[in-house]
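Bear in mind these aren't lab numbers, they're just calculated from the coordinates by the rules spelled out. All values reported here derive from a predicted model rather than from experimental measurement. Please note: Cβ atoms are built from the backbone with ideal geometry, for glycine as well, and neighbour counts cover all protein chains shown.
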Amino acid sequence: MKKLLNLIVLTFIIVILSSCSKQETNNKMNESIPNLIIHTKNGNDITSKENYLDADLRVENANGFSLTIDNMRIRGRGNSTWGYPKKPYRLKFDKDISLLGMKPATDYVLLAEHNDKSLMRNYAAHYLSSYLKLPHSLETNYVNVYLNGNYKGLYLLTEQVAVSKNRLNIDVSEDIDGGFLIELEREFERANSEGIENRDWFRMQNPNPNDRNNEGDPTLYQELYYVVKSPKLKEYDEVVQLNKINYYKNYFKDFEDSVKTNKYSDYIDVDNFIDYFILTELFKQVDIGYSSVFITKDKNEKMQMGPIWDFDISSGNGNYYAYGPKGFWADYNPWFGILIKNKGFEIKYIERFNEVIDLYFEKLINELMDTREIIQTAANRNFDKWGMHLDDGFNPNPIEMLSINNHKEQTDYLINYLIARKDWLLETLNNDGYFGYLGENDEGWS
């Protein structure tokens, strides 16, 4: 009887210690998320994506590190994401500032991730990109945001895609063949809103992904638009502007023509193109042929794809495209659509795909599981603030995500999707090749 009582007492103590240990762990995890405390001048609300408000910023709870910035600016950002209750923001400083150990710069972004209930798709893509051959991998940090005394939720602090001496450092001279950062846009209205045609943006006829046989039928071409993010051509005279725009157009056209003659390696960093499109295919990123597709070139260097951007609608999230784990998607991009038809490129792509999966996929899954544990408490608090489901405006979540009402299972959905996607891509690429597969894109998990 005495042994039984001792066993009961010992079990009770273990349970208590275990509970305390879990609570202590949860507290430490919660404390590991830094706080960004922002106050706008006079407490004014942020209502514009164009006009900045003066503000001050305090960083707290960052492993003993604190920072106060008295003069910064903040505005809204995003396209469809600006319409959600939880808003994304753009931060701008007067000089290069390092936040949370990130490389110093004047521009940062706070991603709200409101339509991604895992809060991890952008984080996952940027994590994997750090292992790949991209011109620059964006740094990220999770932060709790407080604005004018109000808790706004868990955000992903990251870099603005922009040329910067400490980040994406490329030539911005007025030389005709100087460096550039250009973004693909499919919609005329969005390109036109960036400024003046043939200065701030230009248009081109690109091969249509529907031209599967690469026949060059002019009826299968599409008009696409390219926004010049850097250099800022309005700072140069009209002669320089015109020369540079013509250089961009000719370079793009010569590259497209070179694929048929097998000379494309004269124009592009082939390893970079392969890695970029492996990442976007693995995540089945919806925008790969639409927007948020960045192209860079430094002076005297070949053209590259990247940095990557905008992965919240990917990996099984997005009810308005074929979001399931089966089916190819990256050939929606006009350049990848013609490159992957080249047999030599396809062979290199498949070889590298196998290598990337073998080297990095397990690291990616482990990172997601570890990060989930770190952000769990903060994520639940975020959903207490905003709710797990969207009940107004545009809701891109597919039915599978809408049926999940907790953060852990949302991240399980993401992890299981990536595993299923990886398995399908490996089997199909190695057995059939990219265009040997004759099936349809997968609309769901059926």
Cα lying deepest toward the dipole's positive end in the chain, options F353, S173, A124, charges on Cβ: A124
Nitroxide proxy distance, nm - points 7 Å out along Cα→Cβ at I196 and N342: 3.6 nm
Reported label for calculated Kirkwood radius over Cα pairs in Å given (i) 26.1; (ii) 24.6; (iii) 23.7: (iii)
Percent RCO, i.e. relative contact order, over the chain, from Cα pairs under 8 Å lying at least 6 residues apart: 16 percent
Backbone HN-Hα couplings from phi across the stretch 422-434 [Karplus 6.51/-1.76/1.60, Hz, Gly and Pro as x]: 4, 4, 5, 5, 4, 5, 6, 4, 6, 9, 10, x, 6
Filter on K49/K363; K103/K229; K284/K343 - keep pairs with C-alpha separation over 26 Å: K49/K363
Full-stretch length increase - L359, S98 - with 0.36 nm per residue and alpha-carbon distance subtracted: 90.8 nm
Inverse mean reciprocal Cα-Cα distance (Kirkwood Rh) of the stretch 66-116, Å: 12.1 Å
Along principal axes, Cα extents of the stretch 358-432, largest first, whole Å: 46, 28, 16
F435-K249 pseudo-label distance in nm [points 7 Å out on the Cα-to-Cβ vector]: 2.8 nm
Cα-centre dipole for the chain with unit charges at Cβ (Lys and Arg positive, Asp and Glu negative), debye to 20: 1380 debye
Dipole-positive endmost among N431, N405, Y417 within the stretch 358-432 (Cβ charges, Cα centre): N405
Additional length obtainable on full extension of the chain from S66 to E238, 0.36 nm per residue less Cα span: 57.3 nm
Computed magnitude of the charge dipole of the stretch 193-319 (debye, nearest 20; Cβ of K, R +1, Cβ of D, E -1): 180 debye
Placed amide H near K229: partners under 5 Å, 5+ positions off or other chain: L181, I182, E183
